[in-house]
Amino acid sequence: MLLVDAGTGPVDKEANTMTTDKLIETTEESEIVGALRAALRGEVIDRSHPDYESARRVWNGLIDRRPAVIARCADTADVVEAVRVARTHRPVLSVRGGGHQVAGSAVCNDGLMIDLSAMKGVHVNPSARTVRAQAGATWGDVDRATQLFGLVTPGGEVSETGIAGLTLGGGMGVLMRAHGLSCDNLRSIEMVTADGAVRTASREEHTDLFWAARGGGRGLGVVTSFEFDLHPLGPQVAMAQVLYPYADAGKVLRAWRDLTPQLPNTVTPQLVLWSIPPDPAIPAEMHGSQVVMVAGVYAGAPGDASAALAPLTRLGTPLVDMSGTVDYLDVQTGVDAAFPSGGRYFFKSHFVDALTDHAIEALLDCDANRPTPESLIVIRTLGGSVSTVGEDESAYPHRGAQYNVSFDAVWSDPALDVAAIGWSRSSWDAMRPFATGGVYLNFAGLDHEADRSAVYGSGAERLDRIRNAYDPHGIFTAAADRP
């Protein structure tokens, strides 16, 4: 999604905001805090710490959990010590990377949160076209470093998204048809496993861990750094970004559906049903109006983009055409203001093979009930390099799907929790007849919401075997059980 200038039910309070069975009693909390403070270089934040309230927060303000202690690790050695303490005391365990966290799994109640947000180092090797980034880095951190050399790796669409969570769950973005998912661009990872060992996993060593890390999500260990392939692109890119009248939504959707199979893999087309945010590039009188937004970035030289992007600007009569050549960094930060830290978010999506006329009608019916102007429906086009990876080559199994349709509830008032989450869930239910049955881990609702077989497909049993091999005593079981 771009914007740059040129089962219905109430919120699951038990899973989200209420303390369930308290697994660390006060005495043991004290022992864990003492053990961590004796071993870590980084900060150890308990309930009495003045920074506790801010430290337990993540980007998604809907997530309101209260760990007993937060181990804010300074380096990999700190992670080893935190895992050792967890192995000794067996608290509920969660792992926080960059802290974006739509689903909330980074934060546990009454347990130990291993916090990597201070580990943000990024090192680019321009001659090898690789980047090594620590697990607390965001895509904004990575893009800023790689664009110094005119290089990119496919990442998220909001710059505050953490590289760890996005990549471990797959990693959709605006370059995926050209260069694959974020996890497809991994060369290696550094991981601390349950036994405290620091392992490098790649296509040459610990290949089972490497397979699982590419789409398997959490519960394998603590990934402390990621090495990605880089591709030449930027600092400027050509993009199409057109706002069409909402009165023409059905017509534009059908035209977009018919066009997307014809576009080259250098473009990853998106269509968004939304209300115009208060963007200074758009006339103020249009702000808040319902609109159909069509967008795509050209993954090549801007001068070569016209034939690929022009059809996206001719799907009807535009309200506003903001297509042009812009900085790639502006593309990657273009919607940040529409998704501020501390806002409330609930995303739930389907994979879809065909946008039939009936499916389009169902989408428009869902859109008619959006709970807030900030909420949106996003259709991302897959295929291309995403589909060239075999379904059994990584733990991400959804290689054959043509589209991902996501119902993204966005709001700020807690009084709207039930309505906003209910809309996303009911819209997801309404779209089920047109879907493949697969579920994208990163847009799967709250913890425990998605069926594991829908998330992992035929790889679910293999993933369980790998987890059991590296974590036979279930140190990370609580994290693994949150798909």
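The values are calculated or read from the model by the stated rules, or taken from the named source; none is laboratory data. Predicted model, so just to flag it, every value in this text is computed and none were measured. Cβ atoms come from the backbone with ideal geometry, glycine included; neighbour counts cover every protein chain shown.
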Fill in the blank from the handout: Of (1) more than 23 Å from the chain's Cα centre (by Cα); (2) among the polar types (S, T, N, Q); (3) part of a loop (DSSP other than H, G, I, E, B), N60 satisfies every one except (1)
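Does A359 meet the test of being within 19 Å of L263 (Cβ to Cβ) and in contact with a Phe, Trp or Tyr (Cβ under 6 Å, 6 or more places away or on another chain)?
Details: within 19 Å of L263 (Cβ to Cβ): no; in contact with a Phe, Trp or Tyr (Cβ under 6 Å, 6 or more places away or on another chain): yes.
No, not satisfied.
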Handout entry: Boolean, V192 is among the hydrophobic types (A, V, I, L, M, F, W, C), touching a Leu at 6+ places or on another chain (Cβ under 7 Å) and farther than 26 Å from D408 by Cα
Key = no
Practice task
Would you mention how many residues in the range 52-94 are touching a Phe, Trp or Tyr at 6+ places or on another chain (Cβ under 8 Å) and closer than 13 Å to L112 by Cα?
Solution key: 2
Practice task
Mind telling me which of the residues S406, S349 ends up being over 30 Å from R203 (Cβ atoms), touching a strand residue (DSSP E or B) at 6+ places or on another chain (Cβ under 9 Å) and hydroxyl-bearing (S, T, Y)?
Solution key: S406
Practice task
Looking for whichever is modelled with pLDDT under 95, among the polar types (S, T, N, Q) and over 30 Å from L271 (Cβ atoms) here; the options are T19, T76, T8. Which one fits?
Solution key: T19
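Being buried (at least 16 other Cβ atoms within 10 Å of the Cβ) and at pLDDT below 95 is the filter here; which residues of the range 25-46 pass it? Let's see the steps before the verdict.
So the first thing to find is which residues in the range 25-46 are buried (at least 16 other Cβ atoms within 10 Å of the Cβ), and the list is 29, 32-33, 35-36, 39-40, 42-46.
If the condition is that a residue be buried (at least 16 other Cβ atoms within 10 Å of the Cβ) and at pLDDT below 95, then E29 is the only one that fits.
Going by the structure shown, is A395 outside any helix (DSSP H, G or I), at pLDDT 95 or above and either in contact with a helix residue (DSSP H, G or I) (Cβ under 6 Å, 6 or more places away or on another chain) or among the hydrophobic types (A, V, I, L, M, F, W, C) (or both)? Break it down stepwise before answering.
Working: outside any helix (DSSP H, G or I): yes; at pLDDT 95 or above: yes; either in contact with a helix residue (DSSP H, G or I) (Cβ under 6 Å, 6 or more places away or on another chain) or among the hydrophobic types (A, V, I, L, M, F, W, C) (or both): yes.
It is true that A395 is outside any helix (DSSP H, G or I), at pLDDT 95 or above and either in contact with a helix residue (DSSP H, G or I) (Cβ under 6 Å, 6 or more places away or on another chain) or among the hydrophobic types (A, V, I, L, M, F, W, C) (or both).
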Problem - Unique match (being surrounded by fewer than 17 Cβ atoms within 10 Å (Cβ to Cβ) and within 21 Å of the chain's Cα centre (by Cα)) among S385, S341, S375, S394 - result: S341
Practice task
For the range 423-459, name all the residues that are at pLDDT 95 or above and either of a type in the set (A, V, I, L, M) or touching a Lys or Arg at 6+ places or on another chain (Cβ under 9 Å) (or both).
Solution key: W423, S424, R425, S427, W428, A430, M431, A435
Practice task
Check L175, L166, L148 and return the single one that is surrounded by fewer than 17 Cβ atoms within 10 Å (Cβ to Cβ) and either within 21 Å of V331 (Cα to Cα) or among the basic types (K, R) (or both).
Solution key: L148
Exercise for the section: Report, by residue number, each residue of the range 89-136 that is in a loop (DSSP other than H, G, I, E, B) and basic (K, R). Expected result: R90, K120, R129
Practice task
Report the residue count in the range 155-205 for those that are under 30 Å from F339 (Cβ atoms), basic (K, R) and over 19 Å from the mean Cα position of the chain (by Cα).
Solution key: 1
Handout entry: Residues (part of a helix (DSSP H, G or I) and small (G, A, S)) located in the range 351-392
Key = A359, A362, G384, S385
Fill in the blank from the handout: Among residues of the range 125-139 being buried (at least 20 other Cβ atoms within 10 Å of the Cβ) and farther than 17 Å from L181 by Cβ, the residue farthest from the chain's Cα centre (by Cα) is Q134
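Kindly state which helices (runs of 4 or more DSSP H) lie completely within the range 408-483 and contain at least 1 residues that are surrounded by fewer than 21 Cβ atoms within 10 Å (Cβ to Cβ) and more than 21 Å from the chain's Cα centre (by Cα). Can you show your working first?
On the way: elements: 417-431, 452-456, 460-470, 477-480.
Filter on the range 408-483 gives 417-431, 460-470, 477-480.
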Fill in the blank from the handout: All conditions in (1) under 30 Å from G303 (Cβ atoms); (2) crowded, with 20+ Cβ neighbours inside 10 Å are true of P235 except (2)
